[in-house]
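To start, the structure under review is shown below, and the notes come after it.
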Amino acid sequence: MRLKGWLCVLVAFAVVACSGETVEEAEPAAEPAEAEAAAEPTPDEAVAAMQADCAAAAEAIAARQAESSLYDRLGGREAIEGVVTEIIRLHHENEAIAHMFEDVDDAALIASVSDYISEISGGDATYEGEDMVSVHTGMDITNDLFIAAGVDVQAAMVSLGIGENEIQEIMCHFASKHGEVVGV
Ligand code: HEM
């Protein structure tokens, strides 16, 4: 599945079940010239690849969600709060975006984002914050910051053992909101 390609690119630093290999078990590092040729995608390319793969996966995602809500498959509210707590912890450690979270009330943000994810995944919570454009206006979020934040979102779910389908669905929701948070 092509999606695994960018999932693996996003978490190239981590031990991930991309192909069942750990980083240590992967092919030996390429020679410098070869490595340069296989350079990582730019943030713009990574966003475009994410969006294309999510568009291709949309039907399968909808079919899965019709059968069982993403909320239930994530493990309900407690599991979602655990994921969000880990995302915010990683954001504070992420050089590219930590400054954006310096003055934020973590507990309030965790509660609010957990409501948001619960609601969009089919749970019964109601997100009571502002719409995504209003929340992110003026933050000057560029594609590289968008990808930096996405890496944390994905890494948090991988480290907490969230399933590959559920990770794809959350990441594709994240991708679907790109136009509401980048350049607004
Ligand atoms: C693309 C998908 C994204 C979604 C669905 C999303 C969702 C949210 C939600 C629900 C909140 C809570 C708002 C509130 O309670 O009022 C929030 C806050 C925030 N988001 Fe995002 N976000 C996204 C992307 C990003 C990115 C890429 C960044 C930065 C690189 C970012 C930075 C922030 C910050 C700093 C806050 C805290 C605002 C504050 O409390 O002052 N978000 N986001």
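The values are calculated or read from the model by the stated rules, or taken from the named source; none is laboratory data. Note that the coordinates shown come from a computational prediction; the quantities given were computed from them, not determined experimentally. Quick reminder, even Gly has a Cβ in these numbers, built from the backbone with ideal geometry, and neighbours come from all protein chains shown.
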| Taking the condition at pLDDT 95 or above, part of a helix (DSSP H, G or I) and in contact with a Leu (Cβ under 6 Å, 6 or more places away or on another chain), does residue 87 pass? | no
| request: Within segment 128-143, track down each residue that is assigned to a helix (DSSP H, G or I), loosely packed, with under 15 Cβ neighbours inside 10 Å and not aliphatic (A, V, I, L, M). | output: 134
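Of the residues 108, 155, 148, which single one is in contact (Cβ under 8 Å) with a residue 12 or more places away in the chain, within 8 Å of the ligand (Cβ to nearest atom), under 17 Å from residue 87 (Cβ atoms) and among the small types (Gly, Ala, Ser)?
Details: 108 fails: in contact (Cβ under 8 Å) with a residue 12 or more places away in the chain; 155 fails: within 8 Å of the ligand (Cβ to nearest atom).
Result: 148 is the single residue among 108, 155, 148 that is in contact (Cβ under 8 Å) with a residue 12 or more places away in the chain, within 8 Å of the ligand (Cβ to nearest atom), under 17 Å from residue 87 (Cβ atoms) and among the small types (Gly, Ala, Ser).
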| Can you tell me which residues in segment 116-137 are without any contact (Cβ under 8 Å) to a residue 12 or more places away in the chain and more than 8 Å from the ligand (Cβ to nearest atom)? | 119, 124, 126, 134
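Per-residue answers, yes or no, for (1) under 17 Å from residue 177 (Cα atoms); (2) within 14 Å of the ligand (Cβ to nearest atom); (3) part of a helix (DSSP H, G or I); (4) not charged (D, E, K, R):
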position	(1), (2), (3), (4)
46	yes, yes, yes, yes
63	no, no, yes, yes
71	no, no, yes, yes
80	no, yes, yes, yes
| query | If only one of 82, 150, 76 is within 21 Å of residue 161 (Cα to Cα) and surrounded by fewer than 16 Cβ atoms within 10 Å (Cβ to Cβ), which one is it? | reply | 76
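To keep it simple, each residue is scored yes or no on (1) more than 15 Å from the chain's Cα centre (by Cα); (2) assigned to a helix (DSSP H, G or I).
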site	(1), (2)
95	yes, no
118	yes, yes
126	yes, no
151	no, yes
155	no, yes
162	no, no
170	no, yes
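Of all the residues that make up segment 54-75, how many are over 17 Å from the mean Cα position of the chain (by Cα) and more than 15 Å from residue 157 (Cβ to Cβ)? I'd like the intermediate steps shown before the answer.
Pass one, segment 54-75, residues over 17 Å from the mean Cα position of the chain (by Cα): 56, 59-60, 62-69, 72, 75.
Going one step further and asking which of them are more than 15 Å from residue 157 (Cβ to Cβ), we end up with 56, 59-60, 62-69, 72.
Count: 12.
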| Scanning segment 97-116 for residues that are of a type in the set (D, E, K, R) and part of a helix (DSSP H, G or I), which turns out nearest to residue 169 (Cα to Cα)? | 115
| field | Options 119, 93; residue that is under 19 Å from residue 169 (Cα atoms), among the acidic types (Asp, Glu) and surrounded by fewer than 17 Cβ atoms within 10 Å (Cβ to Cβ) | value | 119
